[in-house]
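K.L.:
Here you go, one structure.
What follows is calculated from the coordinates using simple rules that are stated; it is not laboratory data. Everything numeric here is computed off the predicted structure, so don't read it as measured data. Every residue, glycine among them, receives a Cβ derived from its backbone with ideal geometry; neighbour counts consider all protein chains shown.
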């Protein structure tokens, strides 16, 4: 928590964010390149799914970041409501667009995987429908946060919405357990995986790469919002003078 | 059904989407910080 409060000063945050943006972006690009190369050329086809199993290396990171993005919004919302952290409102808004885009990419890559695997582009089953709901919840948050910022709000209403939306995360996580879905059940857990090592190894590299890329995008967006807020404050001061 | 066509389409969508988002965010940051 002391580290979190140390970043409350935007100038101090920017001093750290500027070098980190490039480092995260570079690490992300390199790891994604390695994972894509390994996933497309070095791993064998699956005995059941054939070549389409290679979509795993991009679909899982998209799902992870779609849900992880909302966890970021929830953490920012909590810091805004409980600690009144000055950067929480900016952080929540910065995470929303990348989170929504990766949720949409998860749905798109899943749909492309579904056609040759299940014989359909889309099915209204628990996992797919709950992920689609998450995308709509993201779009609602983006509209609400934008309207709140335009009206000069303190960000508490979008923060409450951000916390309420967190209820969707366990529904997505356990949808394959609670309902008999077309989507496969959990194959990777904290203690191990049912996927063979020869197929699994590019996945953690891909997860790491896309997570670094996501972090770089969030930092870029936070820097954009802070620079815009600074410019608006300057114009307001000039208008008063 | 050519499975590799679906794999290529999925990778194109993911890398294109993530790349476009990165580029748009980078350009917006550069414009705002100028």
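K.L.:
For A:141, B:11, what ranking results if the residue with the fewest other Cβ atoms within 10 Å of its Cβ goes first?
P.N.:
On the way: A:141 25, B:11 19.
By the 10 Å Cβ count, ascending, the order reads B:11, A:141.
K.L.:
Then there's this: According to a simple spin-label model (label point 7 Å from Cα along Cα-to-Cβ), what is the distance in nm between residue A:231 and residue B:31?
P.N.:
Roughly 0.8 nm, to one decimal.
K.L.:
Would you mind giving the mean number of other chain beta-carbons within 10 Å of the Cβ of each residue in A:105-117, as a whole number?
P.N.:
Working: counts 8, 1, 0, 5, 7, 1, 2, 10, 4, 1, 3, 6, 2.
What the average comes to for A:105-117 is 4.
K.L.:
If you don't mind, another one. Just the number: Rg to Rh for the stretch A:18-157, Cα atoms, Kirkwood Rh, two decimals.
P.N.:
Numbers: Rg = 18.2 Å, Rh = 17.1 Å.
On the Cα set of the stretch A:18-157, Rg over Rh gives 1.06.
K.L.:
Measuring from centroid to centroid over Cα atoms, what is the spacing of the stretch A:23-98 and the stretch A:101-151 in Å?
P.N.:
That distance is 14 Å.
K.L.:
State the volume of the convex hull built on the alpha-carbon positions of the stretch A:165-241, expressed per residue in Å³ and rounded to an integer. Please list the in-between numbers first.
P.N.:
Numbers: hull volume 11.6 nm³, N = 77.
Measuring per residue, one finds 150 Å³ for the Cα hull of the stretch A:165-241.
K.L.:
Additional query: Which residue, A:47, A:57, A:161, tops the fluctuation ranking in a GNM of chain A built on C-alpha contacts under 10 Å?
P.N.:
The residue that fluctuates most here is A:47.
K.L.:
Kirkwood Rh and Cα-based Rg: tell me the resulting Rg over Rh for chain A, rounded to two decimals. Could you put the intermediate results ahead of the total?
P.N.:
On the way: Rg = 20.0 Å, Rh = 19.5 Å.
Ratio of gyration radius to Kirkwood radius: 1.02.
K.L.:
Which order results if B:33, A:232 are arranged by neighbouring Cβ count within 10 Å, fewest first? If you can, show how the numbers build up before the last one.
P.N.:
Values: B:33 16, A:232 10.
Fewest-to-most ranking of B:33, A:232: A:232, B:33.
K.L.:
Hey, can you rank A:66-75, A:101-110 by average C-beta count inside 10 Å, highest first? Could the numbers behind the result be given before it?
P.N.:
Numbers: A:66-75: 21.0, A:101-110: 23.4.
Sorting A:66-75, A:101-110 by mean packing, highest first, produces A:101-110, A:66-75.
K.L.:
From the helices alone, meaning DSSP H stretches of at least four residues, give me the mean residue ellipticity at 222 nm for chain A, per-run term -39500 (n - 2.57), in deg cm²/dmol to the nearest 500.
P.N.:
After summing the helix terms and dividing by the residues of chain A, the value is -26000 deg cm²/dmol.
K.L.:
Pop a pseudo-label 7 angstrom from the Cα along the beta-carbon direction at both residue A:166 and residue A:14 and give the gap in nm to one decimal.
P.N.:
3.1 nm
K.L.:
Counting only C-alpha contacts under 8 Å and six or more residues apart, can you give the relative contact order of the stretch A:82-207 as a whole percent? Provide the component values of the computation, followed by the final result.
P.N.:
Numbers: 75 pairs, mean separation 29.1, N = 126.
Across the stretch A:82-207, relative contact order equals 23 percent.
K.L.:
Would you please state which residues of the stretch A:91-130 a label at residue A:156 would reach in this model, taking the label point 7 Å out along Cα→Cβ and a backbone N cut-off of under 19 Å?
P.N.:
A:91-93
K.L.:
Right, something else. When only alpha-carbon atoms are used, what values of Rg and Dmax, in angstrom, describe the stretch A:11-94?
P.N.:
18.2, 54
K.L.:
Then there is this: Given points 7 Å out from each Cα along the Cα-Cβ axis, report the residue A:124 to residue A:241 separation in nanometres with one decimal.
P.N.:
A separation of 6.0 nm, rounded to one decimal place.
K.L.:
Now a separate question. How crowded by other chains is A:214-220, given as the mean number of beta carbons from other chains within 10 Å of each beta carbon? Walk me through the numbers before you get to the answer.
P.N.:
Values: counts 3, 0, 3, 7, 1, 2, 11.
Other-chain Cβ atoms within 10 Å of each residue's Cβ, averaged: 4.
K.L.:
What is the mean number of Cβ atoms from other protein chains located within 10 Å of the Cβ atom of each residue in peptide A:26-33, rounded to a whole number? Walk me through the numbers before you get to the answer.
P.N.:
On the way: counts 0, 0, 2, 2, 0, 0, 4, 1.
Per residue, the average neighbour count from other chains is 1.
K.L.:
Arrange the following residues from fewest to most other Cβ atoms within 10 Å of their Cβ: A:112, A:23, A:142. Let's see the in-between values first.
P.N.:
Details: A:112 25, A:23 13, A:142 16.
So the ranking, lowest neighbour count to highest, is A:23, A:142, A:112.
K.L.:
Ranked from highest to lowest mean number of other Cβ atoms within 10 Å per residue, what is the order of the peptides A:169-176, A:9-16? Don't skip to the answer; put the middle values down first.
P.N.:
Numbers: A:169-176: 15.9, A:9-16: 13.2.
Output ranking for A:169-176, A:9-16: A:169-176, A:9-16.
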